[in-house]
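Asks: Take a look at this one; I'll ask things after.
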Amino acid sequence: MGFVGRTAFITGAGNGIGKDMAKHIVANGGNVIIADVDEAAGRAAATEIGADRVLAVHCDVADQNSVESAVKAGAERFGGLDILVNNAGLHLTKWNVPITTLDEDAWKLILGVNVIGIVNCARAARPFLAEGKSPAIVSLSSITGYLSNTVYGITKLAVRGLTVGLASEFAPDGIRVNAIAPGAIASENALAELAENDVINQMINNYQLIHRGGTTTDIVQAMEFLCTDSASFITGQTLQVSGGFPLYI
Ligand SMILES: NC(=O)c1ccc[n+]([C@@H]2O[C@H](COP(=O)([O-])OP(=O)(O)OC[C@H]3O[C@@H](n4cnc5c(N)ncnc54)[C@H](O)[C@@H]3O)[C@@H](O)[C@H]2O)c1
C-alpha cells in the first residue's frame, strides 16, 4: 500500500522537511493535514501545495487540547487517519547547547514540544489510526540523539525511546511505530543557520562517509519507506539517514 487514499497528519508541516513530506504524499494520491503552531506558515504551505486533499489546522503539539481538536478536525475532513508524522520540533543553535546551561523553563519548553508533543499526538491519533489503512507512525529523531551531548540531543534520544515504547504499546492495534534520525539536512531554516557557521561543509567533509549534503528528499524517501507496506515487517526502529555520520568519529 502506497499513499493513494490514505490520510497523513503531519506536525510542523508549514516548513522544511514536513512541508516536503506533505507535498510528496499529496502528489502520490494521499490526503494531508498540515498541523503547525505557525498558522500562517501552515496556510501558506497548503496554498503552495494547492490540492483539495490538503487541510491546514492550527496545532501546538505541546498542548493536549490543541492536538485533540486538530486531530479531530483532520479526521473529520478526510474520514479518518492512516499516518501520523511527528515532525514538529524545536531545534538548531539555541537548543544545541550543553545540558546544564538551560534553565528549568527552557527545558520544560523543549521537552513539551519535542517529547511530550509526540505523546500528545500519538494518544489523540490512536483511535483513528486503529481504524486506518496500514496505520503507521513516524517520528523525527536526530543523529544528535546518538551523541546525547546537548539539550536537543537528549530530547531526540527520548524520541528513540518513545519509538520503542509506542511500538510495543500500539502493536495490538496493528499500528507500526518507527523514527528517522537525520544528519544535517538542508531545510530552509536549518540551512540558514548552519551555513552561517560552515557546519554543513564540516559535516560533509570531516564527519560523513558520504560526502554530499543531506536533502529534505532523503528524509521524505525514508518516511515513504517506513509509512508504506515496504516496511510492513518493521516496527520500533530508528533509521539513521545521515550519510554515515557519526560512524566516522
Ligand atoms: N534540518 C535538519 O538538519 C534536521 C536534522 C535532524 C532532525 N531534524 C528534525 O526534523 C524536524 C523538522 O526539521 P526542519 O529542519 O524541517 O524544521 P523547521 O524549523 O523548518 O520546521 C519545524 C516546524 O515545526 C513547527 N513547530 C514548532 N513548534 C511547534 C509546536 N509546538 N507545534 C506544532 N508545530 C510546531 C514550526 O512552526 C515549523 O513549521 C524537527 O523535528 C527537527 O528536529 C532536522
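Asks: So for the chain, averaging the separation of alpha carbon pairs under 8 Å that are six or more residues apart and normalising by length, what relative contact order in percent results?
Replies: 18 percent
Asks: Can I ask one more? To the nearest Å, what is the center-to-center distance of the range 72-139 and the range 200-249, using C-alpha atoms only?
Replies: Each part reduced to its Cα centre gives a spacing of 20 Å.
Asks: Still on this structure: With the chain treated as a Gaussian network of Cα nodes joined by springs under 10 Å, which of Ala40, Ala22, Ala179 yields the largest mean-square fluctuation?
Replies: Highest fluctuation among the options: Ala40.
Asks: Mean separation of Cα pairs under 8 Å and 6+ residues apart, divided by the residue count of the range 86-233: what relative contact order is that in percent?
Replies: With pairs under 8 Å counted, the relative contact order is 24 percent.
Asks: If I build a Gaussian network model for the chain, linking alpha-carbon pairs within less than 10 angstrom, which residue out of Phe225, Phe170, Phe233 has the largest mean-square fluctuation?
Replies: Phe233
Asks: Quick one: net charge of Gly14's neighbours, Cβ under 9 Å, K/R +1, D/E -1?
Replies: -1
Asks: Given points 7 Å out from each Cα along the Cα-Cβ axis, report the Ala171 to Val199 separation in nanometres with one decimal.
Replies: So the two model labels end up 3.6 nm from each other.
Asks: When the chain is fully extended, how far beyond the present Cα-Cα distance does Asp229 get from Leu191, taking 0.36 nm per residue of separation?
Replies: Separation in residues times 0.36 nm, less the Cα-Cα distance, equals 10.5 nm.
Asks: To the nearest 20 debye, what is the magnitude of the charge dipole of the chain about its Cα centre, counting +1 on the Cβ of each Lys and Arg and -1 on the Cβ of each Asp and Glu?
Replies: Roughly 520 debye, rounded to the nearest 20.
Asks: Straight-line reach from Lys94: which lysines fall under 30 Å, measuring Cα to Cα and dropping same-chain residues less than 8 apart?
Replies: Of all the lysines, those that pass the test against Lys94 - Cα under 30 Å, at least 8 places apart if same chain - are Lys19, Lys23, Lys108, Lys156.
Asks: With 32 Å as the cut-off, how large is the P(r) tail for the chain, expressed as percent of Cα-Cα pairs?
Replies: Counting pairs separated by more than 32 Å, the tail of P(r) holds 15 percent.
Asks: Please give the net charge around Ile204, taking every other residue with its beta carbon less than 14 angstrom from that of Ile204, where Lys and Arg add +1 and Asp and Glu add -1.
Replies: Around Ile204, the surrounding residues sum to -1.
Asks: Taking every pair of alpha-carbon atoms in the range 113-249, what share in percent sits in each 5 Å bin, from 0 to the bin with the longest distance?
Replies: Result returned by the calculation: 2, 10, 18, 21, 20, 13, 9, 5, 2, 0.
Asks: What is the fewest-to-most order of Arg123, Arg176 by other Cβ atoms lying within 10 Å of their Cβ?
Replies: In order of increasing Cβ crowding within 10 Å: Arg123, Arg176.
Asks: Please list, ordered by chain and number, the residues whose modelled amide H lies under 5 Å from the amide H of Gly214; skip anything fewer than 5 residues away on the same chain.
Replies: Ala186
Asks: Give the order of Lys156, Lys108 when sorted by the count of other beta carbons within 10 angstrom, beginning with the fewest.
Replies: Ordered from fewest to most neighbouring Cβ atoms within 10 Å, Lys156, Lys108 come out as Lys108, Lys156.
Asks: Can you compute the modelled spin-label distance between Asn96 and Val164, with each label point 7 Å from Cα toward Cβ, in nm?
Replies: Going from the Asn96 label point to the Val164 one covers 2.6 nm.
Asks: Can you list the residues, at least 5 places off or on another chain, whose amide H is less than 5 Å from the amide H of Leu239, using H built in the peptide plane?
Replies: Amide H neighbours of Leu239: Ala179, Ile180, Ala181.
Asks: Please arrange Ser142, Ser187 by counting, for each residue, the other beta carbons lying within 10 Å of its beta carbon, fewest first.
Replies: Ser187, Ser142
Asks: Under a crude label model (7 Å from the Cα following the beta-carbon direction), how far is Ala130 from Thr47 in nanometres?
Replies: It is 4.0 nm.
Read-outs throughout are calculated quantities, based only on the coordinates presented, and are distinct from any laboratory measurement. If you're wondering where the values come from, they're calculated on a predicted model, not measured in any experiment. No Cβ is skipped: glycine too gets one built from the backbone with ideal geometry, and neighbour counts run over all protein chains shown.
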